[in-house]
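Just below is one structure, and these are the notes that go with it.
The values are calculated or read from the model by the stated rules, or taken from the named source; none is laboratory data. Just so it is clear, the structure is predicted and the values come from calculations on it, not from any experiment. Glycine also receives a Cβ, built like all others from the backbone with ideal geometry; neighbour counts cover every protein chain displayed.
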Amino acid sequence: MNRTAQSEMTSGFAEIGKPKFSDVHLLCTGRQGHLFLADGSQLFDLDADTFAKFVAATNDEEVSGLLTKLGLTTEPRRICDEAPTDVPVRAISLAIAQKCNLGCTYCYAQEGDFGASPKNMSLETALASIDLLIGQTRADESINIAFLGGEPLINRSVLRQATVYASEKAAARGQKIGFSITTNGTLVDRDDADFFERHGFAVTISLDGRAAVHDQLRPFKGGSGSYERIIERIGPLLGRAGRMQTTARVTVTPTNLALKQTLDELLGIGFHSVGFSPMLASPTGRGQMDEVALQNMLTAMIECGQKFERKVMAGERYAFSNMTTALREIHRGTHRPYPCGAGGAYLAVSADAELAACHRFVGVEAGAMGSIGAGIDNDRKNAWLERRHVHKQEPCRTCWARYLCGGGCHHEVIARGRPACDFIRGWLHYALQAYLRLGPEGLDRAFGAKSRTAS
Amino acid sequence: MSGDDAKITPRNLAAQLSYRGRGNPPVTHPSSAISNCFPGLEFDFRAIWRRFLVGIVLSENNNYVVGYEDEKYKDLVGHRLLKINDRPMSVLTQGPVMPGRGPATLSTGDSPEAVSFMEWSNTIALLVGRQGTKVRCEFTKEAAKLEVLPGNPDVATQTLELEVRQLFERDEADGASERLALLAESLAKPGELSQGLCSPWQNDYRECACYYWAASRPDYVNVVPGGDGLSRGDNWMQRENTGSYIVDNRDFQSSLSYDDLFKSWESVLRFVVGGIQEPPPK
Ligand code: SF4
Ligand code: SF4
């Protein structure tokens, strides 16, 4: 590296990492400069002089010229403006019980009932939903059913009958089917563990931290703490290491930001993996993350990530799921114009058989997608995908992270806008660096040699 | 430093897949290259298909039953396998015939029904999860020398349940059954895995009428642009480099023959350096 290039690189360093261009993002690991190309989520090492030229560029046009010189521009772009239409549904969630025994301060479902009167889903609705899903798909396509609530285990009997029905129906036509459940854990019994194991459930337990913190955020409706009870109840689930997996999902609010302790404690209890997501929009505004809290969360996430890097290089497992997900997506170069499958390949069914873009849109007009009785409203679905395409979102259209982020959770964006962009980009910036630092050897250690081929 | 000296290294899978080394032609890129995956140089993937279903032997590239392993399927020989679990093994071939016109059905004398039989390889991808289980196989009721389009109402069919073979050996040690990275012995008889392999130098270069073997091998060499906007050069299969192109109509007087290649491919096939095939024309 010559002297000018070096000094150019150092002088530009403070700026590197800040969002500057819409098609590329620049980053460093040590003295090595890297370029992330939004189109196709491609990641490169650059030699010092080339990197310096990108650092010195002042606008998108200059960047585009540099990319062309390097042979990195492709026409047409990998993701076009046009939204896909008539996307077949491959996954549904069933709001099997729109009621809950907890009174979480920030719940999107407003303590389980989505602001309406509490109800259970009838067996009839559950089975009709399964018929609808299976009817939409070919036997060689895999499908997924998620049980959500409220608290789904309040309606255990329908949940079980629906699961058995769906597995038998899928088995009869040789179709692969996956089940998942998100539960608060307070009602789990030993029998559930056998059942989940038999059907290979992915079980997610919502836990917000250690006892004191958790109990403040996720008390029983009467106000007493739920932590002790959950840990006692989920014991039999954690013991299983066969077909089912139990992971913990922590909703992060300004009052439970000690992520590293939480992560270590929950992994210590025996969860298969632990992940965090910030509370960005709650119906009452309580528990929502503000700018400062998000900045603190980012710092805490990076701390967890750094521990992950150390552990991986030491050959130990450290199942911090935000990190493993980010690394997988970066490795493959995931690029998509949506944050999730909502309103596309994924729809939710409410207890009273209405279809919604996703579980959070139950009862919300903006996300209505027809009903089990009348069928999927494809016009609404197409219009949704058209409207929600990341190229139609501001400021996403020109954000370098747009195809990894997809524009943020539709529900949160519609409710509150996009307060978390710096957090999202900051996290991705760190994850890209971690990916580069780990290198092929680290990735093999983290995921096994299989990771080298797109698994 | 000019852009030409820039050094970039693709790091993630996505970047590696899209990467085109400097100086390489577009066809070296996986998405634009026409390259052979079967038959291959190291492994002929079609070998998997032949004995994919327990009891019968299929043509290696087709849905044609050419033999049987189990006496009870003896009568299936000469029949066509039309569908597995309702999924067709072949599809209608359509494509452009005249510029500016829409696609037409492309039938040939050998395949009046315009059947593309290549669906078997997609089918394998969809059925790998079903190894060791039975699948519903729809065959023609009668022997069918010509290709048959699945779903043709005029063709009588019969449906049998056949087992998808375990493609890999298993290790049954310690009570657990584990799949090994080793093809099952029952999948191929001795010689079958290699008998379909390519021999490009002796065969495929000559065989391939559109010179796509191998994709990055230039087939128009010693090219000199002319003042009239046309160019002069040699066909790489010409016996002599003369600077004037000979259309390869397989008149083996003027272009290399199979015999030449089998006997001495090392000397008749020539290196191309910087577009010039040695020795350059006088
Ligand atoms: S939500 Fe924010 S971070 Fe995500 S793509 Fe849009 S602007 Fe970028
Ligand atoms: S819209 Fe939000 S809550 Fe719904 S599926 Fe997408 S990310 Fe999840």
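Taking the conditions exactly as written (surrounded by fewer than 21 Cβ atoms within 10 Å (Cβ to Cβ), free of Cβ contacts under 8 Å to residues at least 12 places away in the same chain and more than 13 Å from ligand 2 (Cβ to nearest atom)), does A:Glu441 satisfy them or not?
yes
Find the residue count for segment B:68-86, including only residues that are surrounded by 17 or more Cβ atoms within 10 Å (Cβ to Cβ) and either part of a strand (DSSP E or B) or of a type in the set (A, V, I, L, M) (or both).
So the count comes out to 6.
For every residue, the table says whether it meets (1) among the polar types (S, T, N, Q); (2) at pLDDT 95 or above; (3) in contact with a Pro (Cβ under 9 Å, 6 or more places away or on another chain).
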| residue | (1), (2), (3) |
| --- | --- |
| B:Pro96 | no, no, yes |
| B:Gly102 | no, no, yes |
| B:Phe117 | no, no, no |
| B:Asn122 | yes, no, no |
| B:Phe139 | no, yes, no |
| B:Leu149 | no, no, yes |
| B:Asp154 | no, no, no |
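Tell me yes or no: at least one residue of segment B:104-116 is under 20 Å from A:Glu141 (Cβ atoms) and surrounded by 15 or more Cβ atoms within 10 Å (Cβ to Cβ).
Scanning segment B:104-116, I find no residue that is under 20 Å from A:Glu141 (Cβ atoms) and surrounded by 15 or more Cβ atoms within 10 Å (Cβ to Cβ), so the answer is no.
Can you spot a residue in segment A:317-337 that is away from every other protein chain (no Cβ under 14 Å), within 16 Å of ligand 1 (Cβ to nearest atom), modelled with pLDDT of 95 or more and assigned to a helix (DSSP H, G or I)?
yes
Answer yes or no: is there a residue in segment A:183-202 that is more than 21 Å from A:His272 (Cα to Cα), under 26 Å from the mean Cα position of the chain (by Cα) and surrounded by fewer than 18 Cβ atoms within 10 Å (Cβ to Cβ).
Among the residues of segment A:183-202, not one is more than 21 Å from A:His272 (Cα to Cα), under 26 Å from the mean Cα position of the chain (by Cα) and surrounded by fewer than 18 Cβ atoms within 10 Å (Cβ to Cβ), which makes the answer no.
Taking only segment B:206-222 into account, find how many residues are surrounded by 15 or more Cβ atoms within 10 Å (Cβ to Cβ), at pLDDT 80 or above and in contact with a strand residue (DSSP E or B) (Cβ under 8 Å, 6 or more places away or on another chain).
Residues in segment B:206-222 being surrounded by 15 or more Cβ atoms within 10 Å (Cβ to Cβ), at pLDDT 80 or above and in contact with a strand residue (DSSP E or B) (Cβ under 8 Å, 6 or more places away or on another chain): 3 in total.
Yes or no, residue by residue, for (1) outside any loop (DSSP other than H, G, I, E, B); (2) at pLDDT 90 or above; (3) not aromatic (Phe, Trp, Tyr):
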residue	(1), (2), (3)
A:Gln6	yes, no, yes
A:Pro19	no, no, yes
A:His25	yes, yes, yes
A:Glu75	no, no, yes
A:Ala97	yes, yes, yes
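Taking the condition at positive phi and more than 16 Å from ligand 2 (Cβ to nearest atom), does A:Gly448 pass?
Yes; evaluated as a whole, the condition is true for this residue.
For segment A:406-434, name all the residues that are more than 11 Å from ligand 2 (Cβ to nearest atom) and either within 13 Å of the chain's Cα centre (by Cα) or within 14 Å of chain B (Cβ to nearest Cβ) (or both).
A:Ile424, A:Leu428, A:Ala431, A:Leu432, A:Gln433, A:Ala434
Within segment A:22-30, can one find any residue that is within 9 Å of another protein chain (Cβ to nearest Cβ) and buried (at least 21 other Cβ atoms within 10 Å of the Cβ)?
No, the conditions are met nowhere in segment A:22-30.
Does A:Tyr435 meet the test of being touching a residue at least 40 places away in the same chain (Cβ under 8 Å), of a type outside the set (Gly, Ala, Ser) and away from ligand 1 (no atom under 14 Å from the Cβ)?
Judged against the criteria, A:Tyr435 is a match.
Which of the residues belonging to segment A:358-367 are within 14 Å of ligand 2 (Cβ to nearest atom) and within 16 Å of A:Ala116 (Cα to Cα)?
A:His359, A:Arg360, A:Phe361, A:Val362, A:Gly363, A:Val364
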